[in-house]
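> Got a structure for you, questions after.
The values are calculated or read from the model by the stated rules, or taken from the named source; none is laboratory data. Only a predicted model underlies this, so the values are computations on that prediction, with no experimental measurement involved. Methodologically, a virtual Cβ is constructed for each residue, glycine included, from the backbone with ideal geometry; neighbour enumeration extends over all protein chains shown. Calculation scope for accessible area: heavy atoms of the full protein, side chains included, ligands and nucleic acids excluded. Shrake-Rupley method; radii C 1.70, N 1.55, O 1.52, S 1.80 Å.
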Amino acid sequence: MQKSLIFLLILVFACSSKRSAIGEYNAIDVFCSIEDKQLVKPLIDDFFSLELNLPQPEKLYSVVWHEPHEFSEYSNRHNLMVISLINPADETGDRLFERIHNAISSTDSVIAIENMYSKNQIFLGIQSFDAFQLKQQLQNYHNWFYEELNSTAHKTMIAYAKSKGENSSLSQHISDVFDVDIMIQKDYKFLQDISEPPFLWIGRGYPYRWITFHEADFDDISSPDETWVLLEILLESTFGSVEITGDFRSSEIVKHESKSIPLLRGNYFHPENDSGGPFFTMFFKKPESGYLLISGFINYPGHEKMALIKQLEAIILDANIRGSKDN
């Protein structure tokens, strides 16, 4: 059985008449036969087990299970996944996978298709001989699958943000002060603006979201522990009443297109409101020395926050940091 990949891009003119996908941006609609599901489900649940502490644990992606005959009903969702095991044989999941194979003239066992039925959509398909081979395929293509899902989620978030309109004067101010071309939604407002050293704090109403911009003369951010100390001092000195907690701190490298951006995640507390929530900071290397730090903060007590924080991440990743060595 072939193990190669096929990546099919639907041409722009072919997609122009399609509507945008609907549903939750991070829901994976999985289609699998009843016979296969009992073998497949533990593997897929483990594959999509990644969580963020916001501060309550929230899944990066959630899985919704469907039978193959429901495929046409949900074919307009953002993330579609069809899984077929040859052993055991069945008359539903195997037929669905083969039907799609024939439609795209493919013989590959792992496929990904952008915008197959709707805009901002990814279709993932896997055909395996048995559950053991499926486990190997999921391991081999783990990063690739997540890259495709994250890319689709990013496009969905940016399309949604742009649909709400832009605060052009605020975007222009950020461009003038920080050399950043960024789309700021129209309902964001100035909260604090300091010229020396440059610091900008903007925000919008309920559910509360903040974005901050700092210029910092950090020499080296290769050590997350040391960088956390510097970041905590910087944020608390400019925010004043905002406290950076020691809970659920983590570090990662976020990849988007050609960018590889260092990112720290944590939680903050705002004593004035007796509340807080998750935040992150991205580090962009400046042309000469130091870094531009762009942070996103969420305050939405009692509600899930994954979509909100991922929207802030998408807006920042979509920005053009002029002269940055990360671009």
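> Under a 10 Å cutoff between Cα atoms, tell me which one of 274, 193, 108 has the largest fluctuation in the Gaussian network model of the chain.
Among 274, 193, 108, the largest mean-square fluctuation in the Gaussian network model of the chain belongs to 274.
> While we're on this one: Based on the Cβ-Cβ distance of residue 233 and residue 160, what FRET efficiency does E = 1/(1 + (r/R0)^6) give at R0 = 35 Å, to the nearest 0.05? The partial results should precede the final answer.
Working: r = 35 Å, r/R0 = 1.00.
E between residue 233 and residue 160, to the nearest 0.05, is 0.50.
> Once phi is turned into θ = phi - 60°, what whole-Hz ³J(HN,Hα) does the Karplus curve with 6.51, -1.76 and 1.60 give for every residue of the stretch 77-90, x standing for Gly and Pro?
8, 5, 10, 10, 9, 10, 10, 9, 9, 5, 10, x, 6, 8
> Mind telling me which of 150, 140, 79 comes out most flexible in a GNM of the chain, alpha-carbon contacts under 10 Å?
Of 150, 140, 79, the Gaussian network model singles out 140 as fluctuating most.
> Just report the Cα centroid separation between the stretch 113-137 and the stretch 45-91, whole Å.
So the two Cα centres are separated by 10 Å.
> Also, quick follow-up: Let me spell out the model: positive unit charges on the Cβ of Lys and Arg, negative unit charges on the Cβ of Asp and Glu, origin at the Cα centre of the stretch 194-327. What dipole size does that give, in debye rounded to 20? Let's see the in-between values first.
Working: 12 positive and 20 negative charges, 126 e Å.
Rounded to the nearest 20 debye, it is 600 debye.
> Let me know the shape class of the stretch 122-178, please: from the alpha-carbon gyration tensor, a ≥ b ≥ c as square roots of the eigenvalues, rounded when a/c is under 1.5, otherwise prolate if a/b is greater than b/c, or oblate.
Values: a/c = 8.52, a/b = 3.27, b/c = 2.61.
Judged from the Cα gyration tensor, the stretch 122-178 comes out prolate (a/c at least 1.5, a/b above b/c).
> Straight-line reach from residue 255: which aspartates and glutamates have Cα under 14 Å away, leaving out those fewer than 8 places along the same chain?
Result set, ordered by chain and number: 147, 148, 313, 318, 326.
> List the chymotrypsin sites (Phe, Trp or Tyr not before Pro) within the stretch 111-197 that DSSP assigns to loop and that have no more than 10 neighbouring Cβ atoms inside 10 Å. Before the final figure, lay out the partial values.
Working: sites: 117, 123, 129, 132, 141, 144, 145, 146, 160, 178, 188, 190; in loops: 117, 129, 141, 188.
Within the stretch 111-197, no chymotrypsin sites (Phe, Trp or Tyr not before Pro) qualify (loop, at most 10 other Cβ atoms within 10 Å).
> Excluding ligands, DNA and RNA, what is the solvent-accessible area per residue of the chain at a probe of 1.4 Å, expressed in Å²?
Values: 15600 Å² over 327 residues.
Here the per-residue accessible area is 48 Å².
> Percent antiparallel among DSSP beta bridges with both residues in the chain, to the nearest 5? Spell out each step's value before the answer.
Working: 55 of 77 bridges.
In the chain, approximately 70 percent of DSSP beta bridges are antiparallel ones.
> With a cap of 13 neighbouring Cβ atoms within 10 Å, and only residues DSSP puts in a loop, list the trypsin sites (Lys or Arg not before Pro) found in the stretch 146-176.
Working: sites: 155, 162, 164; in loops: 164.
Those that pass, being in a loop and sparsely packed, are 164.
> May I pose another question? Projecting each Cα onto the charge dipole of the stretch 76-136 (Lys/Arg +1, Asp/Glu -1 at the beta carbon, about the Cα centre), which of 87, 136, 123 comes out farthest on the positive side?
Comparing the listed Cα positions along the dipole, 123 ranks first.
> Please sort by residue number the GluC sites (Glu not before Pro) in the stretch 30-98 whose DSSP state is loop and whose Cβ has at most 11 other Cβ atoms within 10 Å.
On the way: sites: 35, 51, 58, 70, 73, 91, 98; in loops: 91.
Of the GluC sites (Glu not before Pro), the ones in loops of the stretch 30-98 whose Cβ has at most 11 other Cβ atoms within 10 Å are 91.
> Let me ask something else. Once phi is turned into ³J(HN,Hα) by the Karplus curve 6.51 cos²θ - 1.76 cosθ + 1.60 with θ = phi - 60°, what whole-Hz value does each residue of the stretch 132-141 show in order, with x for glycine and proline?
Karplus-based 3J(HN,Hα) across the stretch 132-141 equals 5, 5, 4, 4, 5, 5, 5, 5, 5, 10 Hz.
> Summarise the long-distance tail of P(r) for the chain by giving the % of C-alpha pairs beyond 33 Å.
That tail contains 34 percent of the Cα-Cα pairs.
> A further question on this structure: About the Cα centre of the chain, what is the dipole size in debye to 20, counting +1 per Lys and Arg Cβ and -1 per Asp and Glu Cβ, all else neutral?
In debye, rounded to 20, the chain gives about 980.
> While we're on this one: Once a ≥ b ≥ c are taken as the square roots of the eigenvalues of the Cα gyration tensor of the stretch 54-166, is the result rounded (a/c under 1.5), prolate (a/b larger than b/c) or oblate (a/b not larger than b/c)? Numbers along the way, then the final one.
Details: a/c = 2.01, a/b = 1.56, b/c = 1.29.
It comes out prolate by the Cα gyration axes.
> Between 313, 215, 257, where does the largest GNM mean-square fluctuation fall for the chain, given springs only between Cα atoms within less than 10 Å?
257
> Please report how many Lys pairs in the stretch 92-193 have alpha carbons closer than 18 angstrom, counting only residues at least 8 apart along the chain or sitting on separate chains.
On the way: 119/155; 119/162; 155/164; 162/186; 162/189; 164/186; 164/189.
Close lysine pairs found across the stretch 92-193: 7.
> Here's something else I'd like to know. Which Cα, out of 216, 158, 230, lies furthest along the positive dipole direction of the chain (beta carbon charges, K/R +1, D/E -1)?
Farthest towards the positive pole: 158.
> With a cut-off of 8 Å between alpha carbons and a minimum separation of six or more residues, what is the relative contact order of the stretch 37-151 in percent? Don't jump to the answer; show the numbers that get you there.
Details: 124 pairs, mean separation 28.2, N = 115.
Relative contact order, the stretch 37-151: 25 percent.
> Continuing with this model, one more query. Which value in nm describes the separation of the simple spin-label points at residue 45 and residue 144, placed 7 Å from the Cα toward the beta carbon?
For the pair residue 45/residue 144, the computed spacing is 2.7 nm.
> Which whole-Hz ³J(HN,Hα) couplings does the stretch 102-111 yield from phi under the Karplus relation 6.51 cos²θ - 1.76 cosθ + 1.60, θ = phi - 60°, glycine and proline marked x?
Result, rounded to whole Hz: 5, 5, 9, 6, 10, 10, 7, 8, 10, 9.
> Roughly how big is the stretch 89-149's charge dipole about its Cα centre, with Cβ charges of +1 (Lys, Arg) and -1 (Asp, Glu), in debye to the nearest 20?
Values: 4 positive and 9 negative charges, 26 e Å.
The dipole magnitude comes to about 120 debye.
> Something else: What is the percent carbon and sulfur in the accessible area of the stretch 99-168, measuring with a 1.4 Å probe over the protein chains and ignoring ligands? Let's see the in-between values first.
Values: 1480 of 3080 Å².
C and S fraction of accessible area: 48 percent.
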